1. Can you pull out every residue in the stretch A:41-54 that is out of contact with any Pro (no Cβ under 9 Å at 6 or more places or on another chain) and within 22 Å of A:LYS83 (Cβ to Cβ)?
2. Would you tally the residues in the stretch A:31-42 being closer than 10 Å to A:LEU90 by Cα and within 10 Å of chain B (Cβ to nearest Cβ)?
3. Look through A:LEU90, A:LEU27, A:LEU21, A:LEU45 and report the one residue that is surrounded by fewer than 17 Cβ atoms within 10 Å (Cβ to Cβ), within 14 Å of chain B (Cβ to nearest Cβ) and out of contact with any His (no Cβ under 7 Å at 6 or more places or on another chain).
4. In the stretch B:26-37, what count of residues is obtained for those that are modelled with pLDDT of 95 or more and either more than 12 Å from B:PHE89 (Cβ to Cβ) or among the basic types (Lys, Arg) (or both)?
5. Looking at (1) free of Cβ contacts under 8 Å to residues at least 12 places away in the same chain; (2) in contact with a helix residue (DSSP H, G or I) (Cβ under 7 Å, 6 or more places away or on another chain), which one does A:SER94 not meet, given that it meets all the others?
6. Cβ-Cβ below 6 Å, separation at least six or inter-chain, first residue in the stretch A:21-42 and more than 21 Å from B:LYS37 (Cα to Cα), second among the hydrophobic types (A, V, I, L, M, F, W, C) and part of a strand (DSSP E or B): which pairs?
7. What number of residues within the stretch B:1-29 are farther than 12 Å from B:GLY102 by Cβ and within 13 Å of another protein chain (Cβ to nearest Cβ)?
8. Is it fair to say B:ALA41 is buried (at least 20 other Cβ atoms within 10 Å of the Cβ) and not charged (D, E, K, R)?
Amino acid sequence: DGGITQSPKYLFRKEGQNVTLSCEQNLNHDAMYWYRQDPGQGLRLIYYSQIVNDFQKGDIAEGYSVSREKKESFPLTVTSAQKNPTAFYLCASSTSGYEQYFGPGTRLTVT
Amino acid sequence: DQQVKQNSPSLSVQEGRISILNCDYTNSMFDYFLWYKKYPAEGPTFLISISSIKDKNEDGRFTVFLNKSAKHLSLHIVPSQPGDSAVYFCAVGTAGNMLTFGGGTRLMVKP
């Protein structure tokens, strides 16, 4: 049963702590993406990776970091430098076309 | 500067009637257009797409229309069903198979 998994579904952290969000896919997709969604807004691109061991900044990369050591995995770290980390985070993957497949999301709350 | 705009944040429609969701874009170089549907606390799911060489694409109750001269995209759902109640995002395909999303329209279909 192919798909994208994100864990955990809900995550709570104290301000000043780094936190890592997991994203795994078994679709054999080359490209993976991280988006952020805030209430009433669209999806904004944080980072993307089109092949293993390579990734690029998106529109709002400041305060975030990623790694792509395996094709299946693209974890996102929200660092203490991110000024407004509370949001809904979505991971996606794609093959050669435009259509992206999304995971279920992780809601991060930082207090 | 928003490249993709969905000017109606919400839309309410009676069950059985037509729902029309609109999307405007600024760059005439965009060549692929998609609609995604999103339920609360879930990832978006792909609904329907259209390439710039077409002006209409139909899939069951869902039809996407593209007016290139007006840089306008619309999604028609007919007949609308209560299960269609969700947030709908339009997205445009840009260079490198990237997607730029609109801000979303919340559709409410009343029984």
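1. Hits for the stretch A:41-54 are A:GLN41, A:GLY42, A:ARG44, A:LEU45, A:ILE46, A:TYR47, A:TYR48.
2. Total satisfying the criteria: 3.
3. Exactly one of A:LEU90, A:LEU27, A:LEU21, A:LEU45 is surrounded by fewer than 17 Cβ atoms within 10 Å (Cβ to Cβ), within 14 Å of chain B (Cβ to nearest Cβ) and out of contact with any His (no Cβ under 7 Å at 6 or more places or on another chain), namely A:LEU27.
4. 1
5. (1)
6. Pairs that qualify, where the first residue is more than 21 Å from B:LYS37 (Cα to Cα) and the partner is among the hydrophobic types (A, V, I, L, M, F, W, C) and part of a strand (DSSP E or B), are A:LEU21/A:LEU76; A:ASP30/A:ILE51.
7. Qualifying residue count, the stretch B:1-29: 2.
8. no
The values are calculated or read from the model by the stated rules, or taken from the named source; none is laboratory data. Just so it is clear, the structure is predicted and the values come from calculations on it, not from any experiment. Backbone-built Cβ (ideal geometry, glycine too); neighbour counts: all protein chains shown.
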